[in-house]
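Novice: Pasting a structure here, questions to come.
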Amino acid sequence: MDALVERLAHEHVLDAQGYASLLASCDETAFNLLQKYAAEVAQSHFGSRVYIRGLIEVSNYCRNNCYYCGIRRDNREVSRYRLTDEQILSACENGYRLGFRTFVLQGGEDAHLTDERLVPLVETMHRRYPDCAITLSLGERSHSSYKRLYDAGASRYLLRHEAASRQLYEQLHPVSMSWHNRMKCIEELQQIGFQTGMGMMVGVPGQSIDHLVEDLLLMQQMRPHMVGIGPFIPHSLTPLGHHPAGSVRLTLMLICIVRLMLPSALIPSTTALASLSSQAQLQGIQCGANVIMPNLSPSDVRDSYQIYEGKAAFGSEAAEGLLILSERLAEIGYEISYEKGDYKSDN
Ligand code: 5AD
């Protein structure tokens, strides 16, 4: 097992069988070694800096009906909201004052989030905060929409692939959603020039080790700039609500592996990890993650963006909680970086 870890650390790739044995039979010694290498690689690229991104959840309306997600269309118990441009800009202002230099607009696939509305909004943000990066996480859109948003000033886009395995993807989504279209969107985003983020949940019902190996191989091939990996957390008002949460340990192992595979990637220690325990989020950083995305949404809507139950949005997960966050990071030898933190390639 240790030999596999050594190989991954030095060659940055393994074959399918290598990833499968690593994930399936990683004992404590191998895990510690994996973590040591992942932390070293992150240190050598980023020092002890952890980038922060201010997350603004712009709308929890969603046309989709993903079986795992709490804000799926058929969940009638969600109190739906959409932020106005003024609310979004005021969240940016608040965030800028707190030191954020990246704003992430995340939302469900809301029909009201048209290009006609988003393009001027992104332009305004870009004009007001020329020293900030604008990241979008608004789901599947057309090529022309992505291009217009890019031209308006957005430079990063997060679109988790959710499952490299088409069969698993189809188990997690209704037939109205297509694995092909998701892959096409990710390719288009990359081709337009966005710093592009992919990723998946760990421990989602029906997911096997082989599915995760497929995820790793896909990311090895597509080399995303950002990779978001978090444990699945059930939401009782969804079809998958009675399944257990994903494993923190397996999530941490995957973060380590992705760090070794893509040394300069921006990897968040996700809110889902933090929601299971604040300890787990710090462990994510110790496993090579180098981004944290505190919540900048107006506090009265934060509870309504429950993609899973118990989603953390206050304390160190809140933009106002940067002090707590920086203290927690300091305890493990890391510090918040207030830089914009664009992706820089290795070569
Ligand atoms: N548990 C964990 N993560 C979830 N996501 C959606 N629902 C859940 C859940 N129940 C993730 C998806 C999506 C991202 C915004 O949140 O991977 O892409």
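The values are calculated or read from the model by the stated rules, or taken from the named source; none is laboratory data. What you see is a predicted model; the values in this text were computed from it and never measured. Glycine also receives a Cβ, built like all others from the backbone with ideal geometry; neighbour counts cover every protein chain displayed.
Novice: Is it the case that residue 192 is over 21 Å from residue 232 (Cβ atoms), modelled with pLDDT of 95 or more and of a type in the set (Val, Ile, Thr)? Let's see the steps before the verdict.
Specialist: Numbers: over 21 Å from residue 232 (Cβ atoms): yes; modelled with pLDDT of 95 or more: yes; of a type in the set (Val, Ile, Thr): yes.
Judged against the criteria, residue 192 is a match.
Novice: Could you tell me which residue of region 213-233 is farthest from the ligand (Cβ to nearest atom), considering only residues that are closer than 22 Å to residue 191 by Cβ and assigned to a loop (DSSP other than H, G, I, E, B)?
Specialist: Taking region 213-233 as the starting set, the residues that turn out to be closer than 22 Å to residue 191 by Cβ are 215, 217-228.
Add one more test, that the residue is assigned to a loop (DSSP other than H, G, I, E, B), and what stays is 223-225.
Numbers: 223: 19, 224: 13, 225: 16 Å.
Here the answer is 223.
Novice: If I ask for residues that are in a strand (DSSP E or B) and either over 18 Å from the mean Cα position of the chain (by Cα) or within 16 Å of the ligand (Cβ to nearest atom) (or both), which ones from region 181-212 would you list?
Specialist: 196, 197, 198, 199, 200, 201, 202
Novice: Another question, then. Taking residue 173 as the residue in question, decide whether it is touching a Gly at 6+ places or on another chain (Cβ under 7 Å) and closer than 25 Å to residue 71 by Cβ.
Specialist: Here the answer is no, as residue 173 does not meet what is asked.
Novice: A follow-up question, please. How many of the residues making up region 185-236 are at positive phi and crowded, with 21+ Cβ neighbours inside 10 Å?
Specialist: Total meeting the criteria: 1.
Novice: Can residue 47 be described as at pLDDT 95 or above, among the small types (Gly, Ala, Ser), over 30 Å from residue 240 (Cα atoms) and out of contact with any strand residue (DSSP E or B) (no Cβ under 7 Å at 6 or more places or on another chain)?
Specialist: The answer is yes for residue 47.
Novice: Give, as residue ranges, the helices (runs of 4 or more DSSP H) completely inside region 234-347 that count at least 2 residues that are within 30 Å of residue 86 (Cα to Cα), within 16 Å of the ligand (Cβ to nearest atom) and polar (S, T, N, Q).
Specialist: Passing ranges, in order: 271-276.
Novice: Is there any pair linking a residue in region 60-83 that is under 19 Å from residue 179 (Cα atoms) to one that is among the aliphatic types (A, V, I, L, M) and more than 11 Å from the ligand (Cβ to nearest atom), with Cβ under 7 Å and at least six apart or on different chains, and which?
Specialist: Sorted first by the residue in region 60-83, then by its partner, the pairs are 63/111; 64/177.
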